[in-house]
Amino acid sequence: MDSTAPNVAETTGHDADLQAEPAGGAVDSSGGRSAERSAGGWFPYPPSRPAHLIPPIALAYIGDAVYEVAVRQYLLSKPNMRPAHLHRSATGLVSAKAQSRILAGIESLLNEKEQDIVRQGRNAKSGSVPKNADVLEYRHATALECLIGYLYSSGQHERMIELITQGIEHAQSLTK
């Protein structure tokens, strides 16, 4: 693996302190309950229903935001922090075209349940397609966001970070 490749897991830090997430909240490394974190997310607002019952478009909604934060954190780990460079670099990783390529790069790593979530996200009807993306790329991007949203909402943060990290590494390898 390339030594300059992103390691989102190292830069997030928070998940490394947690051992498990029982229904009453997270358990930190000292065995105590973490009041500021609830099962399923980073904030004390748990989903209104289990992740497998959340509509794919809603999972893509939160997945889009989580992925955006991961990309921004990755970019801040790099030496060039000029605003124009950050924006250009972020666009290269969060566009529908980039997300479609990322999904293609990580699909072989997905288990059966994750593949099912991706299928549901790809088939979800969002109602519109952005002007800078074709329909197929947009559907694949929605599928990636749905998967990230599912993993985030179901509390599978280590797996989510692993797949995002692999996806960013894949995208960066295509641009070199």
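For S153, the stated conditions hold: it is surrounded by 19 or more Cβ atoms within 10 Å (Cβ to Cβ) and over 19 Å from T175 (Cβ atoms). Among the residues of the range 85-101, those identified as in a helix (DSSP H, G or I) and either among the hydroxyl-bearing types (S, T, Y) or open to solvent by less than 70 Å² (accessible area, probe 1.4 Å) (or both) are H85, L86, S89, A90, T91, G92, L93, V94, A96, A98, Q99, S100.
In the range 96-121, the residues that are at pLDDT 95 or above form Cβ pairs under 6 Å with partners that are open to solvent by less than 30 Å² (accessible area, probe 1.4 Å) and among the polar types (S, T, N, Q), at six or more places apart or across chains, as follows: G121/T142.
Within the range 126-143, the set of residues being in a loop (DSSP other than H, G, I, E, B) and in contact (Cβ under 8 Å) with a residue 40 or more places away in the chain comprises just one member, S126. Among the criteria (1) part of a loop (DSSP other than H, G, I, E, B); (2) at pLDDT below 85; (3) within 18 Å of the chain's Cα centre (by Cα), the one E10 does not fulfil is (1). On the stretch given as the range 117-134, residues that are over 19 Å from the mean Cα position of the chain (by Cα), open to solvent by 80 Å² or more (accessible area, probe 1.4 Å) and not charged (D, E, K, R) total 2. With the condition kept exactly as written, say whether any residue in the range 155-162 is at pLDDT below 95, of a type in the set (A, V, I, L, M, F, W, C) and out of contact with any Leu (no Cβ under 6 Å at 6 or more places or on another chain). Within the range 155-162, none of the residues are at pLDDT below 95, of a type in the set (A, V, I, L, M, F, W, C) and out of contact with any Leu (no Cβ under 6 Å at 6 or more places or on another chain).
Starting from residues that are within 25 Å of K125 (Cα to Cα) and charged (D, E, K, R), keep the ones in the range 46-84 and report whichever is least open to solvent (accessible area, probe 1.4 Å). Among those residues, the one meeting the criterion is E68. Candidates E107, E112: the one that is more than 17 Å from A51 (Cα to Cα), acidic (D, E) and out of contact with any Asp or Glu (no Cβ under 8 Å at 6 or more places or on another chain) is E107. Looking across the range 135-150 at every residue that is at pLDDT below 95 and hydrophobic (A, V, I, L, M, F, W, C), the one that is most open to solvent (accessible area, probe 1.4 Å) is identified as L136. Residue-level check: of (1) within 20 Å of R159 (Cα to Cα); (2) in contact (Cβ under 8 Å) with a residue 12 or more places away in the chain; (3) open to solvent by 60 Å² or more (accessible area, probe 1.4 Å), F43 misses just (2). Whether a residue is at pLDDT 95 or above and over 14 Å from the mean Cα position of the chain (by Cα) was assessed, and R82 does not pass this test.
The values are calculated or read from the model by the stated rules, or taken from the named source; none is laboratory data. Everything numeric in this text was worked out from a predicted model, so none of it was measured. Heads up, the Cβs are rebuilt from the backbone with ideal geometry, glycines too, and the neighbour counts pull from every protein chain shown. These area figures cover heavy atoms from the full protein model, side chains too; ligands, DNA and RNA do not enter into them. Shrake-Rupley method; radii C 1.70, N 1.55, O 1.52, S 1.80 Å.
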